[in-house]
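Only one structure is covered here, and it is reproduced in the block below.
The values are calculated or read from the model by the stated rules, or taken from the named source; none is laboratory data. This is a predicted model, so every value here is computed, not measured. Positions of Cβ are backbone-derived with ideal geometry, glycine not excepted, and every protein chain shown enters the neighbour counts.
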Amino acid sequence: MFSRRHPYLFFILVFTLIMCSSSVIISLVSGVSKMTEKKSGKHNIGVIEINGIIFESESVIENLKNFRERKDIEAVVLRINSPGGGVAPSQEIYESVKRLKEKKKVVASLGSVAASGGYYIACAADKIVTNPGTITGSIGVIMEYTNIEEVMDKIGISPVVIKSGKFKDTGSPTRPITDDEKKFLQDFVDKIHSQFVEDVASGRKMDKETVMEYADGRIISGSDAVSYGLADMTGNFETALDYTALEAGIKNNDYSLVYPPKEKFSFLKEVLNESVSKLSEVVFKNTNLMTLK
């Protein structure tokens with residue numbers, strides 16, 4: 001039996017399944033409550049939620065485009081709860097938020113965590129509202145992989161690689177990295193980091209040199225982000241909504257909240273989709289990919 005031969009690994013697998021199942025149920029319940037709780041008013045403020053690891057951008061971009069074209073949406077709040085994720089998806093959403101901002105007021109509301117790629121996206125908004133204890137910042141880029149060469153030697157596996165150039169299998173887990181490869185990857189990461197810093201500086205209207213003081217990958221609190229100029233004010237989601245209404249010229253907080261429509265799935269299909277999403281996040285975090293952290 002697998003459980004007898006590998007009791008520790010079996011325990012980890014069972015524990016992971018329990019945690020994934022719990023998170024799926026919580027996500028479903030919280031998702032339903034968010035979609036049904038809407039304030040009643042004459043004016044409409046759109047709310048787009050960006051949750052979890054950012055490993056795709058299509059759905060968020062579609063929602064941003066929809067709200068940009070809808071004349072009944074007067075302003076938009078981005079509710080961000082994300083530790084970051086892929087470089088390209090974060091950049092794509094950042095650019096889409098900038099396009100939305102050309103037509104309507106956009107305010108980013110930071111939840112429990114809006115770091116790295118999550119903060120990257122927030123910088124495209126007109127204003128950033130953060131909780132004092134929000135985990136944010138983490139302006140940095142990381143590329144990592146696990147070397148399993150010794151493990152393969154012990155079990156008698158010898159990889160054979162045929163490649164067209166010396167950098168084609170850079171980052172291979174089956175051999176040590178060379179000095180040339182390390183320099184190549186470091187230069188590549190530095191270039192992406194520079195893009196990150198430039199976009200933060202542009203979005204926040206700050207000097208690049210000032211942003212660089214906090215762009216060493218450190219996480220910072222929401223209150224510190226305000227004092228550093230990386231956010232505009234402290235407050236919760238309601239604060240962000242009221243401020244957005246004020247900026248859009250909506251008086252007496254006379255607004256309704258409009259969320260992007262959700263597809264109608266059966267409960268089982270929704271559970272399966274959530275499970276696939278959770279598994280994708282795990283795979284994304286453990287593969288040899290460059291991420292914003």
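Restricting to the stretch 24-69, and then to whatever is polar (S, T, N, Q) and at pLDDT 50 or above, can you tell me which residue is farthest from Leu257 (Cα to Cα)?
Among those residues, the one meeting the criterion is Ser57.
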For strands (runs of 3 or more DSSP E) lying entirely in the stretch 34-138, having 2 or more residues that are touching a residue at least 12 places away in the same chain (Cβ under 8 Å), surrounded by 19 or more Cβ atoms within 10 Å (Cβ to Cβ) and touching a Lys or Arg at 6+ places or on another chain (Cβ under 9 Å) picks out 43-51, 73-82, 105-115
Note to self: Looking at the stretch 259-279, can you tell me whether even one residue there is at pLDDT 95 or above and not polar (S, T, N, Q)?
What the structure shows: yes
_Among the residues in the stretch 225-240, are any modelled with pLDDT of 95 or more and more than 22 Å from Ile135 (Cα to Cα)?_
no
Scanning the stretch 172-209 residue by residue, the ones that are out of contact with any strand residue (DSSP E or B) (no Cβ under 7 Å at 6 or more places or on another chain), touching a residue at least 60 places away in the same chain (Cβ under 8 Å) and surrounded by 16 or more Cβ atoms within 10 Å (Cβ to Cβ) total 4
### Message
Condition (residue is over 21 Å from the mean Cα position of the chain (by Cα) and over 20 Å from Ser138 (Cα atoms)) applied to the stretch 218-239: is it met by at least one residue?
### Response
yes
Within the stretch 225-252, residues being under 13 Å from Leu110 (Cβ atoms), surrounded by fewer than 17 Cβ atoms within 10 Å (Cβ to Cβ) and not aromatic (Phe, Trp, Tyr) number 3
Checked against (1) surrounded by 15 or more Cβ atoms within 10 Å (Cβ to Cβ); (2) in a loop (DSSP other than H, G, I, E, B); (3) out of contact with any Gly (no Cβ under 8 Å at 6 or more places or on another chain); (4) not aromatic (Phe, Trp, Tyr), Met152 satisfies every condition except (2)
